[in-house]
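Right, one structure below, let's go through it.
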Amino acid sequence: MKSTHHTQAIGIFGVALPFLVVAILLGATLYGRGKVAVEFDRKTATFERYQEAKVQANELEAYMTKEQRREKVLYWNEKLEQDFIQSLTTNLEGILDKYDSNVLRQTELSQAQGAGAIASRTDNPHSRIQLSFEGGFKPMQMLLAELEREMPHLFLESIMIRPNLAKSETEAGSLSFSLVYMCWEKPKS
């Protein structure tokens with residue numbers, strides 16, 4: 001059978017062209033559907049992460065509002081901003097002013113020698129300080145409690161207590177306290 005212009009036109013415009021248009025539309029639809037599916041999955045994952053972060057933020061906010069934790073964190077950050085030695089000496093002087101020098105007195109304040117056992121394997125900035133006192137046990141306990149309340153970034157690394165015997169029967173004996181404190185410092189930005 002010989003093809004004429006009419007059958008050829010019908011074949012091209014009636015069969016091939018519609019088939020080609022349908023194939024292009026089908027391909028574009030599948031491609032668009034894939035793009036939409038990928039975008040939908042991305043947006044769904046982003047929304048789920050947002051919801052999870054929102055729940056965590058609400059939990060953190062609830063945690064921080066209990067027991068004045070937010071104020072404590074702000075207080076601790078404020079203490080970290082201060083110069084360590086100046087803050088330490090100011091706090092020690094303030095605490096020691098409450099006691100008579102016969103009851104409790106400071107005998108040493110120096111840089112601790114050697115590497116500390118606690119923070120030696122960390123890159124976090126810290127200082128170690130050696131303190132020595134002479135006095136009674138209870139005033140020393142109070143001093144340590146007040147000092148650590150005022151300077152929450154201090155960590156007692158070691159304490160050594162030795163008795164000082166009285167020189168006569170009329171004198172009372174005392175204790176010698178040797179302390180090593182580690183102080184966490186704010187990282188340099």
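Scanning the stretch 142-189 for residues that are closer than 13 Å to His126 by Cα and either in contact with a Pro (Cβ under 6 Å, 6 or more places away or on another chain) or outside any strand (DSSP E or B) (or both) turns up His153, Glu185, Lys186, Pro187, Lys188. Taken over the stretch 128-141, the criterion of being surrounded by fewer than 20 Cβ atoms within 10 Å (Cβ to Cβ) and not in a strand (DSSP E or B) is satisfied by Gly136, Phe137, Lys138, Pro139, Gln141.
Screening the stretch 112-131 for residues that are closer than 20 Å to Glu81 by Cα and polar (S, T, N, Q) and picking the one that is modelled with the lowest pLDDT gives Asn124.
Here is a check on your reading of the model: is Lys79 assigned to a helix (DSSP H, G or I), among the basic types (Lys, Arg) and in contact (Cβ under 8 Å) with a residue 60 or more places away in the chain?
Values: assigned to a helix (DSSP H, G or I): yes; among the basic types (Lys, Arg): yes; in contact (Cβ under 8 Å) with a residue 60 or more places away in the chain: yes.
So Lys79 fits the description; yes.
Residues of the stretch 163-189 that are over 21 Å from the mean Cα position of the chain (by Cα), loosely packed, with under 11 Cβ neighbours inside 10 Å and either outside the structural domain of Leu92 (by TED's automatic domain parsing) or not hydrophobic (A, V, I, L, M, F, W, C) (or both): Pro163, Lys167, Ser168, Glu169, Thr170, Glu171, Gly173. Only one of these is surrounded by 10 or more Cβ atoms within 10 Å (Cβ to Cβ) and in contact with a Lys or Arg (Cβ under 8 Å, 6 or more places away or on another chain): Ala112, Ala53. Name it. The unique qualifying residue is Ala112.
Do we find a residue being touching a Leu at 6+ places or on another chain (Cβ under 8 Å), under 28 Å from Met142 (Cβ atoms) and modelled with pLDDT under 90 anywhere in the stretch 63-78? No, every residue in the stretch 63-78 fails to be touching a Leu at 6+ places or on another chain (Cβ under 8 Å), under 28 Å from Met142 (Cβ atoms) and modelled with pLDDT under 90.
The values are calculated or read from the model by the stated rules, or taken from the named source; none is laboratory data. Bear in mind that the values here come from a model prediction, so they are computed numbers and not experimental data. Here the Cβ is made from the backbone with ideal geometry for all residues, glycine too, and neighbour counts use every protein chain on show.
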